[in-house]
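Below is the structure I would like to discuss, written out as structure tokens.
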Amino acid sequence: MIVRRLEDIVGSEREVSGPTWVSRRLVLKDDRMGVSFHDTILHAGTVTEMEYKHHLETVYCIEGTGELESLVTGERWAIAPGTVYALNEHDRHRLHAHTQLRMICAFDPPLTGKEVHGPDGAYPADPELTAGAST
Ligand code: 9YT
């Protein structure tokens with residue numbers, strides 16, 4: 001069994017930041033759980049554009065208010081504690097943080113730990129999963 005506390009992750013190499021967010025990566029690929037599991041803060045007043053071309057992500061809001069915008073359909077949804085969204089079609093999207101947002105995120109396949117967004121808003125594919133693939 002694996003048991004960790006957020007306070008053990010904060011300040012460790014499992015805490016990774018981007019320009020608009022900081023992610024505390026509680027469970028990663030090397031834990032062999034099939035997903036990675038993160039407690040992510042998006043800073044108040046920021047907008048983050050993302051497109052996880054190589055991952056499926058499920059996101060559950062536990063703190064703050066904001067708005068989710070699909071860049072595929074133009075739809076917008078209010079985000080508040082208790083709202084979950086699942087990017088089941090690798091949807092390109094923007095997350096507007098009206099206040100600080102705290103989001104619990106699960107990634108399939110799991111992140112290895114160091115990923116930050118590329119210029120296309122994606123995290124790179126895990127090279128171990130793409131080795132030998134033709135594209
Ligand atoms: C909600 C959100 O920002 N998801 C992106 C994942 C997060 N930046 C992370 O854990 O790397």
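The values are calculated or read from the model by the stated rules, or taken from the named source; none is laboratory data. All figures in this text were calculated on a predicted structure; none of them were measured in a lab. Because the Cβ atoms are built from the backbone with ideal geometry, glycine has one as well, and the counts that use them run over all protein chains shown. Surface areas here come from the heavy atoms of the whole protein model, side chains and all, with no ligands, DNA or RNA. Shrake-Rupley method; radii C 1.70, N 1.55, O 1.52, S 1.80 Å.
Residue by residue through the range 71-77, which ³J(HN,Hα) values in whole Hz follow from phi under the Karplus form 6.51 cos²θ - 1.76 cosθ + 1.60 (θ = phi - 60°), with glycine and proline marked x?
8, 8, 10, x, 5, 9, 10
Which one, M1, H38, V72, projects farthest toward the positive side of the charge dipole computed for the range 1-76 from Cβ point charges (K/R +1, D/E -1)?
Toward the positive end, the furthest listed residue is M1.
Over the alpha carbons of the range 7-72, what is the largest minus smallest coordinate on each principal axis, giving the biggest first in Å?
33, 25, 21
Over the chain, what percent of the accessible surface lies on carbon and sulfur atoms, probe 1.4 Å?
Carbon plus sulfur share of accessible area: 55 percent.
For the chain, what is the calculated [θ] at 222 nm in deg cm²/dmol (nearest 500), taking -39500 (n - 2.57) for each run of four or more DSSP H residues and dividing by its residue count?
Taken over the chain, the calculation gives -1000 deg cm²/dmol.
Based on alpha-carbon centroids, what's the gap between the range 35-92 and the range 110-130 in Å, whole number please?
So the separation of the two Cα centres works out to 17 Å.
Quote the charge dipole size of the chain about the Cα centre in Debye, to the nearest 20; the model charges only the Cβ of Lys and Arg (+1) and of Asp and Glu (-1).
For the chain, the charge dipole is close to 220 debye.
On the principal axes of its Cα set, how long, how wide and how thick is the chain? Give whole Å, largest value first.
Each principal axis gives a Cα extent; for the chain these are 39, 39, 24 Å.
I've got another one for you. Using a 1.4 Å probe, how large is the accessible area of K114, given in Å² and rounded to the nearest 10?
130
What nm value, rounded to one decimal, do you get for the distance between A78 and D30 when each label is placed 7 Å out toward the C-beta?
Placing both labels 7 Å along Cα→Cβ, they lie 4.3 nm apart.
As a test of reading the structure, rank M33, M1 by solvent-accessible area (1.4 Å probe, protein chains only), most first.
I get M1, M33, largest accessible area first.
Keeping every protein chain present and rolling a 1.4 Å probe, give me the accessible area per residue for the chain in Å².
55
Once phi is turned into θ = phi - 60°, what whole-Hz ³J(HN,Hα) does the Karplus curve with 6.51, -1.76 and 1.60 give for every residue of the range 6-14, x standing for Gly and Pro?
Working through the residues one at a time gives 3, 5, 7, 7, 4, x, 9, 6, 7 Hz.
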